[in-house]
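Input: a single structure, listed below in structure tokens.
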Amino acid sequence: MKKYVCIICGYVYDGALPFEELPDDYVCPICGVGKNKFEIITHDLKEALLKINYGLYVITARDGNKDNGCVMDALMQLTDEPPVVAFSINKVNMTHDLLMKTREFNISVLTEDAPRELFRLFSAKTGRAIDKFENFPDAKRSGNGIYYLSKHTNTRLSGKIIDIIDVGTHTLFRGQITDAEVFNNNETLTYSDYRKEPRYRQMFCFQCQQTAKGTGCTMVGVCGKKPDTAYEQDLLTCEIIGLASALQAKGVDSDQMVDLIVDGLFTCITNVNFDTDKVAAIVANVKANREKMGGGEIMKTVDLFGGDIDVRSLRSTLLFGLRGMAAYAHHARVLGMRDPEVDRWFIKGMASLGKPHTVDEWLGLILEFGGINLKCMQILDTANTGAYGNPVPVQVPLKVEKGPFIVVTGHDLHDLQMLLEQTDGKGVNIYTHGEMLPAHSYPELKKHPQLKGNFGTAWQNQQVEFKDMPAPVLFTTNCIMRPKESYADRVYTTAVVQYPEMVHIEADASGRKDFSALIDHAKKLGGYTEDRQLTGINGGFTMTAGYGRETVLNNAPAIIDAVKSGAIKHFFLVDGCDGAQPGRSYYTEFVKQAPKDTLVLTLACGRYRFNDLDIGKIGPFPRILDMGQCNDTYGAIQVALALAGAFKCGVNDLPLTLVLSWYEQKAVCVLLTLLSLNIKNILLGPTLPAFLSPNVLKVLIDKFNIGLISTPEADMARILKK
Ligand code: SF4
């Protein structure tokens, strides 16, 4: 299949569907440009060019009081007499502009001990936003007044530019060396060593469904995560393993330490935190606490996803499950609920990742974890229903009323509650987005009249849906995508969600958040001038929510009667996340094809594929029953257990099929919970997790008969034939 590359950000499309067949409104998942910005790759140019080796240098310049520098690789000596070099610099660099103006430079030749932080400062950051030398201790000025690096370098070259050639994206400079100094004989760092060295190595991440080529993101995340952020997240994970090991060794399980572990794990979930500096600050905090607890050397980041392929698979499965559970534990905690058994398991689980285990021991840990996650979801269920009441069925309008409004996305009901309290009587309406939709069904949230309806659909459509919206948006949890320029100044984040340069709202010591800037922003933007009718992805005008555990169980006798009379022949639980992959239309088609005597229970943002469809009713029940957020799988499990009890059979004997769509790590912990309950025949899609090795997958197939979705027609026929 032909490959296409985004000419803006370099993302290579390698999806299952040929690029030519992607819908016209397809956008690059990293930078958001349209199909017309993609070019066909005729040969593996990038890989070929990487074979050319270079040294690595920091070139510095000065204009008046402004100093700047950047990493450069394209440097060569042209002549000995006079000593002339040539180098090329990208025009977007501020150093480029200083060189063009002042025509004087210093070049520091980097050595093999150059730390990653040096590259982060001189490569990943721009001098237009910061003063790179403000807190940089290893710089001195040479005779020309320009800074050079005094550490991690073996030579300084100072010179003047004698010639300039425009070469498109770059400028080629010819410079005469006027002064030089050799500091030591340490080896010069080369580009190939830089690429090989673990501390600089390309990222590796395969934790979510959209991972590059179905195997792992290595250059940059399909989600937009940069290698620097990935490195800090890996380091954070290793630090947490070290902290958990120290806590386990000392028998300490303080709330404060477990909170660090929980929020650190949540930070690493897909589409949560893209701010490398903020993640690095969390790393430093966990490290300080690990050292305080007497923790020793930590696991190397390179080993986190290394080693034997099956062990890597099992370790990753447990890690990703723990990351998912951390999100649920965080939501319960902000409502004052925690459980000592769950807390202890965060320590046990994370400490176990740093130890060797047999395959059977890993499997035992994974299934034990699934049981603990059920408990964690139960605690969250208790926290949510305790704070906001039991969900009740509601029709959620998709109409946005004229006037100022705020869109709230993510999962955190507590954030929404605080925002509702602060907007009471202020003339600013609130609309849910993505996984916040079930909020409408909670009596204590619903009672606020300004909670009007739902804006848009699932998370992956945000770059289109927020583009022209005359309102700010608050991200409370995943899934934030790279904000496009058209709405970046309207993005607010809170809790563990962070994106560089976006406004972040922190809680004060009492946990209260001040949303006044967000509210003022909404008033200033003013919203739409007329009511605006939006639709779901199938053109529907409303969505139903609120068929939670309590509502369904209260109606259990009627449901059981309907099964006995043959009015309900089969239940489908279509549960899980949505995503950008075209194959996810499977779930729309599957629900459309579900026969009229079947009920569809649904959870999580995968619902948006079909929740605006009217597929009729069975008795008093709509045929699509929305049970809530992904964590409300706890409620769905209780319903399944109650039905099994009523029919005196096991859950696997019920006329019930679980059709899961997965995207991120909360789906992983939910899946492990279902397996821990020995629920079999689960259909999983749109692809199998990349982190499951063939042997581990075989175990899951043999033990639980997990299957990959095929086509709605074939799967439906096979299920109903049983
Ligand atoms: Fe890739 Fe997913 Fe990891 Fe992002 S979270 S880097 S898309 S595997």
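When M337 is tested against the conditions (1) open to solvent by 10 Å² or more (accessible area, probe 1.4 Å); (2) under 15 Å from N384 (Cα atoms); (3) in a helix (DSSP H, G or I); (4) touching a helix residue (DSSP H, G or I) at 6+ places or on another chain (Cβ under 6 Å), the lone failure is (3). Restricting T276, T237 to those that are within 16 Å of the ligand (Cβ to nearest atom) and under 21 Å from T317 (Cβ atoms) reduces the list to T237.
Screening A545 against (1) surrounded by 16 or more Cβ atoms within 10 Å (Cβ to Cβ); (2) more than 20 Å from V394 (Cβ to Cβ) leaves a single unmet condition, (2).
Of all residues in region 626-644, those that are without any contact (Cβ under 8 Å) to a residue 12 or more places away in the chain have Cβ atoms under 8 Å from Cβ atoms of residues that are open to solvent by 10 Å² or more (accessible area, probe 1.4 Å), 6 or more apart or on another chain, in L641/V651; A644/G650; A644/V651; A644/D653; A644/L654.
The criterion of at least 3 residues that are open to solvent by 60 Å² or more (accessible area, probe 1.4 Å) and over 27 Å from D277 (Cβ atoms) is met, among strands (runs of 3 or more DSSP E) falling completely within region 92-210, by 153-167, 170-182. Applying the criterion of being free of Cβ contacts under 8 Å to residues at least 40 places away in the same chain and in contact with a Lys or Arg (Cβ under 9 Å, 6 or more places away or on another chain) to the residues of region 472-487, the residue that is farthest from L419 (Cα to Cα) is S486.
Across region 670-708, the number of residues qualifying as open to solvent by 20 Å² or more (accessible area, probe 1.4 Å), β-branched (V, I, T) and within 25 Å of the chain's Cα centre (by Cα) comes to 1.
On the given criteria, is L172 in contact with a Leu (Cβ under 8 Å, 6 or more places away or on another chain), modelled with pLDDT of 85 or more and either of a type in the set (A, V, I, L, M) or within 16 Å of the ligand (Cβ to nearest atom) (or both)? So L172 does not fit the description; no. Look at (1) within 14 Å of the ligand (Cβ to nearest atom); (2) at pLDDT 95 or above and you find that P227 fails only one, number (2).
The number of residues in region 92-127 that are touching a strand residue (DSSP E or B) at 6+ places or on another chain (Cβ under 6 Å), over 18 Å from L56 (Cα atoms) and not hydroxyl-bearing (S, T, Y) comes to 7. Restricting the first member to region 257-273 and to residues that are on the phi > 0 side of the Ramachandran plot, and the second to residues that are hydrophobic (A, V, I, L, M, F, W, C) and open to solvent by less than 10 Å² (accessible area, probe 1.4 Å), the beta-carbon pairs closer than 6 Å and six or more apart or on different chains are N271/I480. Set side by side, the residues K348, K355 differ, and just one is in a loop (DSSP other than H, G, I, E, B) and under 24 Å from F691 (Cα atoms), which is K355. Residue-level analysis places V651 among those that are open to solvent by 10 Å² or more (accessible area, probe 1.4 Å) and without any contact (Cβ under 8 Å) to a residue 40 or more places away in the chain. Listed by position, the helices (runs of 4 or more DSSP H) contained in region 612-722 that have at least 2 residues being within 16 Å of the ligand (Cβ to nearest atom) and within 28 Å of T317 (Cβ to Cβ) are 665-676.
Beta carbons closer than 7 Å, at least 6 apart along the sequence or on distinct chains, pair a first residue in region 210-224 that is over 20 Å from S661 (Cβ atoms) with a second that is open to solvent by less than 50 Å² (accessible area, probe 1.4 Å) and more than 8 Å from the ligand (Cβ to nearest atom) for G216/F204; T218/F204; V220/I30; V220/P227; G224/I30; G224/F274; G224/M481. With respect to (1) in contact with a Leu (Cβ under 6 Å, 6 or more places away or on another chain); (2) in contact (Cβ under 8 Å) with a residue 40 or more places away in the chain, the lone exception for I430 is condition (2).
Within region 362-375, not a single residue is over 12 Å from G321 (Cβ atoms), without any contact (Cβ under 8 Å) to a residue 12 or more places away in the chain and in a loop (DSSP other than H, G, I, E, B).
Right, K592: part of a helix (DSSP H, G or I) and of a type outside the set (A, V, I, L, M) or not?
yes
The sole residue among L56, L50, L78 that is on the phi < 0 side of the Ramachandran plot, hydrophobic (A, V, I, L, M, F, W, C) and open to solvent by 50 Å² or more (accessible area, probe 1.4 Å) is L78. Going by the structure shown, is A351 farther than 30 Å from M418 by Cβ, at pLDDT 95 or above and either open to solvent by less than 10 Å² (accessible area, probe 1.4 Å) or within 24 Å of the chain's Cα centre (by Cα) (or both)? It is true that A351 is farther than 30 Å from M418 by Cβ, at pLDDT 95 or above and either open to solvent by less than 10 Å² (accessible area, probe 1.4 Å) or within 24 Å of the chain's Cα centre (by Cα) (or both).
Please give the helices (runs of 4 or more DSSP H) falling wholly within region 384-485 in which 1 or more residues are out of contact with any Gly (no Cβ under 8 Å at 6 or more places or on another chain) and buried (at least 24 other Cβ atoms within 10 Å of the Cβ). The helices (runs of 4 or more DSSP H) meeting that bar are 413-423.
Of the residues in region 64-75, how many are outside any loop (DSSP other than H, G, I, E, B) and open to solvent by 50 Å² or more (accessible area, probe 1.4 Å)? Residues that pass the stated criteria total 1. The condition (being of a type in the set (D, E) and within 28 Å of P82 (Cα to Cα)) is satisfied by just one residue among D166, D113: D166. How many of the residues making up region 245-273 are away from the ligand (no atom under 16 Å from the Cβ) and β-branched (V, I, T)? Adding up the residues that qualify gives 4.
The values are calculated or read from the model by the stated rules, or taken from the named source; none is laboratory data. What you see is a predicted model, and the numbers here were worked out from it, not measured in a lab. A quick note on method: Cβ atoms are made from the backbone with ideal geometry, for glycine too, and the neighbour counts reach across all protein chains shown. Surface accessibility is based on the protein's heavy atoms, side chains included, excluding ligands, DNA and RNA. Shrake-Rupley method; radii C 1.70, N 1.55, O 1.52, S 1.80 Å.
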